[in-house]
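**Student:** Submitted below is the structure of interest, expressed as structure tokens.
The values are calculated or read from the model by the stated rules, or taken from the named source; none is laboratory data. Because the structure is a prediction, the values reported are computed rather than measured. Note that each Cβ is placed from the backbone with ideal geometry, even for glycine, and that neighbours are counted across all protein chains shown.
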């Protein structure tokens, strides 16, 4: 169920983990997860989707972004560039044939692969939401912080956002990054039915949405 | 006027609250102008507020500045709806 893959890092290669349904089949899908808290909120949904893809005869791989989940690497050392390099490496290691990028994953997925992007989001939007969460909780605690000042500080020295120690290069990258999909098909939430799981304060799953996503991917691979 | 006329903003705002907070549709449909939000809904912590505001910006095509967000804005559903209606009218 778990597979290791070698990932380049600042201190040499690191061994990263991926959740894998691998039976050496012809169709092999790399899933590039959403970023930050949205990755946690969508993980169960993606795992359930992978089970269905497995039943439909499609191998799938959900690698950890370096610094996230079970990764041995330091989150503070990460950047969009590092994540892009890592996802390209995972794609090569698992010899995938297609890709599914989820939300902020569309900022770092290997764009040369055919596939899908699920509700891609701009880096600036991801950043804005985390800055906002920080200023709101500061205000609750009686401190006054504003997004513009935080951002300026973050560009120079990095910033703690939503429990993540974001390095300056990650902040700078997020400010300008736009989804890099080119030829991949964009899947909208409305196609899956129900509410978007990455919005939920509590991680959830929705069998109907996993059914819909897996069926869509299997159908379009077969087409 | 209660500010709760059955208009598009009201419908969209209820859908956003349902999606962001994972609330049941019938519970959100029962919200009225005086229904408490922040502090009254345990689902609505500061992370969820950030998600709610970002989603409002996205779906209403508006920009919400830091200094527009205060305790009053999120106190009741009526306040939040009035804010959304005013922002949309100004956009």
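**Student:** Within the stretch B:1-22, how many residues are assigned to a loop (DSSP other than H, G, I, E, B) and modelled with pLDDT of 85 or more? Spell out the reasoning first.
**Tutor:** So in the stretch B:1-22, the residues assigned to a loop (DSSP other than H, G, I, E, B) come out as B:1-7, B:22.
Filter once more, keeping what is modelled with pLDDT of 85 or more: B:7.
Number satisfying all stated conditions: 1.
**Student:** Within the stretch A:161-200, track down each residue that is farther than 20 Å from residue A:124 by Cβ, modelled with pLDDT of 90 or more and buried (at least 18 other Cβ atoms within 10 Å of the Cβ).
**Tutor:** A:184, A:187, A:192 - these are the residues of the stretch A:161-200 that are farther than 20 Å from residue A:124 by Cβ, modelled with pLDDT of 90 or more and buried (at least 18 other Cβ atoms within 10 Å of the Cβ).
**Student:** Please tell me if residue A:119 is in contact with a helix residue (DSSP H, G or I) (Cβ under 7 Å, 6 or more places away or on another chain) and on the phi < 0 side of the Ramachandran plot. Step through it out loud before you land on a result.
**Tutor:** Numbers: in contact with a helix residue (DSSP H, G or I) (Cβ under 7 Å, 6 or more places away or on another chain): yes; on the phi < 0 side of the Ramachandran plot: no.
The answer is no for residue A:119.
**Student:** Looking at (1) more than 10 Å from chain A (Cβ to nearest Cβ); (2) part of a helix (DSSP H, G or I), which is the only condition residue B:47 fails?
**Tutor:** Against the list (1) more than 10 Å from chain A (Cβ to nearest Cβ); (2) part of a helix (DSSP H, G or I), residue B:47 comes up short only on (1).
**Student:** Is it the case that the stretch A:114-124 has a residue that's free of Cβ contacts under 8 Å to residues at least 60 places away in the same chain, within 14 Å of chain B (Cβ to nearest Cβ) and surrounded by fewer than 17 Cβ atoms within 10 Å (Cβ to Cβ)?
**Tutor:** yes
**Student:** Of all the residues that make up the stretch A:12-30, how many are touching a residue at least 40 places away in the same chain (Cβ under 8 Å) and out of contact with any helix residue (DSSP H, G or I) (no Cβ under 6 Å at 6 or more places or on another chain)?
**Tutor:** Counting residues in the stretch A:12-30 that are touching a residue at least 40 places away in the same chain (Cβ under 8 Å) and out of contact with any helix residue (DSSP H, G or I) (no Cβ under 6 Å at 6 or more places or on another chain) gives 11.
**Student:** Output the residue which, of all residues in the stretch A:181-212 that are in contact with a helix residue (DSSP H, G or I) (Cβ under 6 Å, 6 or more places away or on another chain) and outside any loop (DSSP other than H, G, I, E, B), is nearest to the other protein chains (Cβ to nearest Cβ).
**Tutor:** Once the filter is applied, the top-ranked residue is A:199.
**Student:** Which of (1) surrounded by fewer than 16 Cβ atoms within 10 Å (Cβ to Cβ); (2) within 14 Å of chain B (Cβ to nearest Cβ); (3) at negative phi does residue A:131 not meet, given it meets every other one?
**Tutor:** Result: residue A:131 fails condition (1) only.
**Student:** Identify the single condition in (1) part of a loop (DSSP other than H, G, I, E, B); (2) at pLDDT 85 or above; (3) under 20 Å from residue A:132 (Cα atoms) that residue B:55 does not satisfy, given that it satisfies every other one.
**Tutor:** It fails just one condition, (1).
**Student:** With the requirement that a residue be over 15 Å from the mean Cα position of the chain (by Cα) and touching a residue at least 60 places away in the same chain (Cβ under 8 Å), what does the stretch A:174-185 give you?
**Tutor:** Step one: filter the stretch A:174-185 for residues over 15 Å from the mean Cα position of the chain (by Cα), giving A:175-176, A:182-185.
A:182, A:183, A:184, A:185, listed by residue number.
**Student:** Next up: Out of all the residues in the stretch B:50-76, which are more than 10 Å from chain A (Cβ to nearest Cβ) and either touching a strand residue (DSSP E or B) at 6+ places or on another chain (Cβ under 6 Å) or in contact (Cβ under 8 Å) with a residue 12 or more places away in the chain (or both)?
**Tutor:** B:56, B:59, B:60, B:61, B:62, B:68, B:75, B:76
**Student:** Is it the case that the stretch A:55-64 has a residue that's buried (at least 19 other Cβ atoms within 10 Å of the Cβ) and either assigned by TED's automatic domain parsing to the domain that holds residue A:159 or out of contact with any strand residue (DSSP E or B) (no Cβ under 8 Å at 6 or more places or on another chain) (or both)? Lay out the reasoning, then the answer.
**Tutor:** Just the residues of the stretch A:55-64 that are buried (at least 19 other Cβ atoms within 10 Å of the Cβ), to begin with: A:58-64.
Now drop any that are not either assigned by TED's automatic domain parsing to the domain that holds residue A:159 or out of contact with any strand residue (DSSP E or B) (no Cβ under 8 Å at 6 or more places or on another chain) (or both), which leaves none.
No, because not a single residue in the stretch A:55-64 is buried (at least 19 other Cβ atoms within 10 Å of the Cβ) and either assigned by TED's automatic domain parsing to the domain that holds residue A:159 or out of contact with any strand residue (DSSP E or B) (no Cβ under 8 Å at 6 or more places or on another chain) (or both).
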